[in-house]
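**Q** Take this structure, written in structure tokens, and hold onto it; I'll ask about it next.
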Amino acid sequence: MKGTPVLAVRELRKNYGPVCAVAGVSFSVAKGTVFTLLGPNGAGKTTTLEILEGLREADSGEIELFGQTVRRVTPEMKNRMGVLLQEGGFEPYLRVREVLSLFAAFFQRPRPVKEVLAEVALEDKARALVKNLSGGQRQRLALGVALINDPELLFLDEPTTGLDPQARRNVWDVVERLKGEGKTIVLTTHYMEEAEALSDEVCIMDHGRVIAHGSPRDLTAGLGQDTFIEFEAPELPAALGDLPGEVHRDGTLLTLKTANLVASLEGLLSWSRNRGIELRNMVVRQPNLEDVFLALTGRRLRE
Ligand code: ATP
């Protein structure tokens, strides 16, 4: 049933010596939904996931999984989950089918390898060696491995990092299909487009804490009625204070936040004309999760 939490954490904490990786994180994940931990490198996403996967022990906090409250994930719980780790690292001289068969052997009731191959669209690569797969195919194999035990709950740690846009979309398709089958999916990413495209709920993390939580739509709606004008300008004056809106600068990329789009566009055009500054790749867009992060922290997700 939708709405029933499959997973909840309360006040989860984890230090690595003096480094506080997870500083009191709480959230819950409803059955049949995609839940995303979004945050920059080092925000504590992987550590949180690894605790939930049973790979690490939290210093403190409570975990509720499949209706049971525990301090540490049990082997029975692990049997009901699938995990895609950040570093897959499969044996390069195994064939795709052999990798899946190998992982299938770890479980009492695995799914047929053929069925999983179809699910991740790798049927025509069944006999290919791992070393000859593209990055996207390798990632789909990793997804297949995570699905071999027919898990109810899937953890996907940065499933599309380093993939090209097409390969990323292929992975998204698989995630959407799995959600359609009623699986619950917890993923981490630092791509805000990915979080927006896939998630029912997003937890934005920074420095080990949850700094915002909600559906992508609710999170961006929290920014109000503002619109964003983005453009690149190869040569810019040092002072940008007279631009018609609130400015954020990231190298040569400028983002102008405005509540009055028409006035700001007019102002921007005369600003560029008067100063002889060329505006390149100009786009007008609605707020996104990157803007939410920027508004909360003053930084971009990938600075
Ligand atoms: P990334 O996107 O880079 O994976 P993340 O949000 O997943 O980042 P974590 O990998 O959980 O973040 O790391 C959180 C913090 O804990 C970082 O400061 C990191 O350097 C530190 N850290 C992670 N693993 C260890 C470890 N095994 N020993 C010491 N420090 C660690």
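**Q** Just to be sure I understand: of the beta bridges DSSP finds with both ends in the stretch 63-213, what percent are antiparallel, rounded to 5?
**A** 45 percent
**Q** Follow-up question, since we're still on this one. Please list, in order along the stretch 207-218, the HN-Hα scalar couplings obtained from phi with the Karplus expression 6.51 cos²θ - 1.76 cosθ + 1.60 (θ = phi - 60°), rounded to whole Hz, x for Gly and Pro.
**A** 6, x, 10, 8, 9, 6, 8, x, 6, x, 5, 5
**Q** Mind checking the full-extension length gain between R300 and D200? Use 0.36 nm per residue of separation minus the Cα-Cα distance, one decimal, nm.
**A** 33.8 nm
**Q** When the Karplus curve 6.51 cos²θ - 1.76 cosθ + 1.60 is applied with θ = phi - 60°, which whole-Hz ³J(HN,Hα) does each residue of the stretch 138-143 get, with x for Gly and Pro?
**A** Once θ is set to phi - 60°, the couplings for the stretch 138-143 become 4, 5, 5, 5, 4, 5 Hz.
**Q** Would you please state which residues of the stretch 266-303 a label at T252 would reach in this model, taking the label point 7 Å out along Cα→Cβ and a backbone N cut-off of under 15 Å?
**A** Inside the label zone: 277-282.
**Q** Another question, then. In straight Cα distance, which lysines are under 25 Å from K131, not counting same-chain residues fewer than 8 positions off?
**A** Filter leaves K114.
**Q** Once amide H atoms are built 1.01 Å from N in the peptide plane, which residues 5 or more positions from A212, or in another chain, come under 5 Å H to H?
**A** I204
**Q** Provide the per residue accessible area, probe 1.4 Å, for the stretch 1-79, rounded to a whole number of square angstrom.
**A** 44 Å²
**Q** Given only helices, namely DSSP H runs of n ≥ 4 each adding -39500 (n - 2.57), what is the per-residue ellipticity at 222 nm of the chain, to the nearest 500 deg cm²/dmol?
**A** After summing the helix terms and dividing by residue count, I get -9000 deg cm²/dmol.
**Q** Which of the lysines could a cross-linker bridge to K14, judged by Cα under 18 Å and excluding same-chain residues fewer than eight apart?
**A** K45
**Q** Here's something else I'd like to know. Can you tell me which of 39-49, 246-256 comes out highest on packing, and rank the rest after it, using the mean Cβ neighbours within 10 Å?
**A** Descending packing order for the listed peptides: 39-49, 246-256.
**Q** At a 1.4 Å probe radius, carbon and sulfur cover how many percent of the accessible area of the stretch 5-221?
**A** It is 47 percent, rounded to a whole number.
**Q** Enter the accessible area per residue of the stretch 110-240 (Å², integer; probe 1.4 Å; all protein chains in place).
**A** 42 Å²
**Q** Which of the aspartates and glutamates could be linked to K125 by a straight reach, that is with a Cα gap under 15 Å, when you skip same-chain ones fewer than 8 residues away?
**A** Within the straight-line cut-off, K125 pairs with E98, E115.
**Q** Under 5 Å between amide H atoms, partner at least 5 residues away or on a different chain: which partners does L187 have, H built in plane at 1.01 Å?
**A** So L187 has HN proximity to F35, T36, L37, L156.
**Q** If you don't mind, another one. Sticking with the crude label model, points 7 Å out along Cα→Cβ, report the distance from D218 to S101 in nm, one decimal please.
**A** In this crude label model, D218 to S101 measures out at 4.8 nm.
**Q** Between N260 and L236, take the C-beta separation as r, use R0 = 25 Å, and let me know the FRET efficiency to the nearest 0.05.
**A** It comes out at approximately 0.65.
**Q** Give me the angle, in degrees from 0 to 90, between the Cα long axis of helix 165-180 and the longest principal axis of the Cα atoms of the chain, rounded to the nearest 10.
**A** It works out to around 60 degrees.
**Q** Given R₀ = 22 Å, FRET efficiency for L55-L94 by Cβ-Cβ distance, to 0.05?
**A** Calculated value: 0.45.
**Q** Computing the accessible area with a 1.4 Å probe over protein heavy atoms, can you report the carbon and sulfur percentage for the stretch 227-286?
**A** 49 percent
**Q** Assuming R0 = 25 Å, can you tell me the calculated FRET efficiency for the pair D150 and S26, based on Cβ-Cβ distance, to the nearest 0.05?
**A** 0.30
The values are calculated or read from the model by the stated rules, or taken from the named source; none is laboratory data. All figures in this text were calculated on a predicted structure; none of them were measured in a lab. Positions of Cβ are backbone-derived with ideal geometry, glycine not excepted, and every protein chain shown enters the neighbour counts. Heads up: the accessible areas ignore ligands, DNA and RNA and are worked out on the full protein's heavy atoms, side chains in. Shrake-Rupley method; radii C 1.70, N 1.55, O 1.52, S 1.80 Å.
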